[in-house]
1. What FRET efficiency do you get for A:E368 and A:A40 if R0 is 51 Å and r is their Cβ-Cβ distance, rounded to the nearest 0.05?
2. For the protein assembly as shown, what is the mean residue ellipticity at 222 nm derived from helices alone (per DSSP H run of n ≥ 4: -39500 (n - 2.57); sum divided by total residues; nearest 500 deg cm²/dmol)?
3. Under a crude label model (7 Å from the Cα following the beta-carbon direction), how far is A:S5 from B:E43 in nanometres?
4. Based on the mean of other beta carbon atoms within 10 Å per residue, what is the order of A:264-274, A:136-146, most packed first?
5. Stretch B:E83-B:V69 to full length: gain in nm at 0.36 nm per residue minus the Cα-Cα span?
6. When the label point is put 7 Å from the Cα of A:T331 along its Cα-to-beta-carbon vector, which residues of region A:188-226 have a backbone N closer than 12 Å?
7. If the reach is capped at under 21 angstrom between alpha carbons, list the lysines near B:K111, excluding any in the same chain fewer than eight residues apart.
8. Quick one: net charge of A:V166's neighbours, Cβ under 15 Å, K/R +1, D/E -1?
Amino acid sequence: MSGLSPGVFLVTSAVKVVAVFSVLMVAVAYTTLAERRVSAWIQDRMGPNRVGPFGLLQPIADGIKNFLKEETLPGTSTKLFFVLGPMLAIVPALVTFAVVPFAAPLPTPWGTVPMIVADVPIGILYIMALSSLGVYGIVLGGWASNNKYSFLGALRASAQMVSYEVALGLSLVTVLMLTGNVTLTQVVFEQQHLGLWFVLPLSLGFILFVISAFAETNRLPFDMPEAESELVTGYHTEYSSMKFSMFFIAEYAHVITQSALMATLFLGGWDIPFWHGDDAFYFQGQWIQGFDAAGTPVLATLAWWKTLLTLGAFVLKTSLFVLVYIWVRWTLPRFRYDQVMQLGWKIMLPTALAYLMLIAGTILVLDEISVPFGLTYGLILTVVSMIGTVVFTFWLDRDRVISGASPSARWPLPQSMPSVDVPQLSETDPSQAAVGAGGN
Amino acid sequence: MSGAYAPLLMLFGLSVVNAIGMMVASHVLNPRRPTPEKEMPYESGMTPIGDTRVRFSVKFYMVAISFIVFDLETIYLVPWAVEMRRLGWGPFLAMVLFVAVLAVGLWYEWKKGGLEWD
C-alpha cells in the first residue's frame with residue numbers, strides 16, 4: 001500500500017477508481033468521435049461536425065439517442081443471456097485498466113500516492129486473465145440472439161480471440177524476463193532503469209503484441225466477428241439501443257486499454273524520455289529514483305508538476321496508439337478467416353516461441369559475460385531483436401504459409417491459355433439479344 | 001497485502017453497477033412497440049429459415065484444445081521468466097526442452113491438418 005495509512009489508502013483509492021472510470025468512459029465517447037473524424041479525414045470527407053464546435057458534442061448526442069431508441073428483443077432469443085451478453089462484455093473491458101500506472105506518484109500532505117488504481121502484485125497475470133474474459137460477452141450475446149449471423153460472428157470471435165491470446169501471452173513473457181516482476185509499476189521502472197524503452201530491445205515482442213492486441217479487440221484487419229459485408233455486424237446484429245452501445249463501449253474501452261498497455265509495456269508508460277528526474281519506484285519502503293554506481297538507492301524527488309507532466313506523456317502515448325488503431329482500420333483490408341487462424345497458429349505462435357528463447361538466451365549470455373544492466377545491455381538486445389524483426393517481416397511469410405485467394409493469385413497464369421468458346425453476341429440474332437436483356 | 005486488491009473490487013463494483021444502470025436506464029426510457037416482424041431474427045429481410053440452435057460442426061474444436069495446451073504453457077513460462085536471470089542456465093535448458101516438446105506437438109498438429117479451417 002506504499003506506506004499510506006489504511007484510511008488514506010481507501011480514500012485515495014476511491015478517488016482514483018472514480019476518476020479513472022470517468023476518464024475512461026469519456027475517453028471511450030471521444031474515441032468514437034475521433035474514429036469518425038479521422039476516418040472522414042482519411043477518406044477526404046467532413047465527418048460529424050454539426051453538433052457543437054467541430055462536432056465535439058456528437059458523442060453526447062449519440063449517447064442520449066441510444067438511451068431513447070427502441071430496444072428490440074428477438075422473440076426466439078434466450079432472454080437472460082441476451083441481456084447478460086453486453087454486460088459481460090463491458091465489465092472486463094473497463095476493469096482491465098486498474099493495474100496500469102498512469103503517472104508518476106503524487107506527493108500529498110498525507111503521504112505519497114501512487115498513480116495507479118491498484119498496485120497489485122499480479123499485474124500482468126491480471127491483464128491476461130481479464131482479456132480472456134472479454135470473449136464471454138461476445139459469445140454469449142451472439143449465441144443468445146438466435147440469429148445465424150450473430151452465431152457465426154460469435155464462433156469466429158471465440159476461435160480468433162483464443163488463438164491470439166496465446167501469442168499475446170508469449171509476447172508478454174519477454175517483457176517479464178527483462179523486468180523480473182509482473183507488476184506494471186516495475187515494468188515502467190525497469191525501462192527507466194535500462195534507459196531504453198522496451199520497444200527497442202524487444203522490438204519483435206512489440207510487433208507480436210500489437211498484432212495480437214488488434215486481433216483481441218476485433219479491430220480491422222481482424223474484425224471477422226463483426227465483418228459488416230459478410231455477417232451484418234456479426235455478434236451484435238440483433239442488438240439495438242443501449243445494448244448495442246454497450247458492445248461498442250466495450251470495444252473502444254478495449255482499444256484504449258490495449259493502447260495503454262502497449263504504451264506501458266513497450267513505450268515506457270508515463271516515463272518522459274531522456275530525463276531521469278521523473279523516475280520513481282517504490283523500493284523497500286521508500287520512493288527511489290534509481291541506483292547509483294555502488295548499487296545504493298537514490299531517493300526520488302517527487303512534485304505535483306512531475307505527476308502532471310508524466311500524466312501528459314502517458315495520455316500522449318496512449319492516444320498515439322488509439323490513433324494507430326484508427327489509422328490501420330482504413331489502411332489494411334480485412335483478412336479471410338482461414339488466414340486469420342493461420343497467421344495466429346502458424347506464424348505468430350512459432351515466432352513468439354522462438355523469439356522467447358532467443359531473448360532468454362541473449363539475456364543469459366549478457367549476464368554471463370557480466371554486462372551491467374544499462375544502455376549497452378539494451379543496445380545489444382536491440383540488435384538481436386532487430387535481426388529477429390527483419391527475419392519476421394521480410395522473410396518468414398512470403399506467401400508460404402498463408403495462402404492467397406486461389407492458385408491463380410499465387411502463380412502467374414500459363415502463357416498459352418486454353419481456348420474457351422465464348423459465345424459472341426450478335427446484334428442480328430434476336431434470341432441472343434433477348435438473353436442479354438433478360439437480366440431485369 | 002490483500003488490502004491492495006480493494007481498489008480492484010471497487011472498480012469492478014462500479015463497472016457492474018454502471019452496466020446494470022445502463023440496462024435499466026435504457027429499459028425505462030425507451031419505447032417498446034413490438035411487432036412480430038421486429039421480433040424476428042434478422043436474416044437480410046427474408047423470413048428466417050429454420051432455427052439457429054441446430055447441431056453445428058465446430059471446426060475449431062482442435063483450436064480450443066490447442067489453446068488450452070499453449071495457454072497453460074504461457075502461464076507455466078511466467079514464473080520461470082520472472083526468475084530467469086537469477087536461475088541461470090540449468091532451468092533455461094530445461095525450458096528449451098519443454099518448449100521444444102510443445103513445438104514438436106505443434107508441428108505434428110500442423111502436419112496432421114489440425115490447424116486447417118476448411
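1. So, using R0 = 51 Å, E works out to roughly 0.40.
2. Values: 19 runs with 333 residues, N = 558.
Computed mean residue ellipticity for the protein assembly as shown: -20000 deg cm²/dmol.
3. 6.8
4. Highest to lowest by the protection proxy: A:136-146, A:264-274.
5. Working: separation 14, 0.36 × 14 = 5.04 nm, distance 2.24 nm.
Value of the extension gain: 2.8 nm.
6. Output list for this probe position: A:221.
7. A:K346, B:K59
8. Local charge sum for A:V166: -4.
Computed from the coordinates by the stated procedures, all read-outs in this text should not be read as laboratory data. In this text the structure is predicted, and so the values were computed from the model without any measurement. Cβ atoms come from the backbone with ideal geometry, glycine included; neighbour counts cover every protein chain shown.
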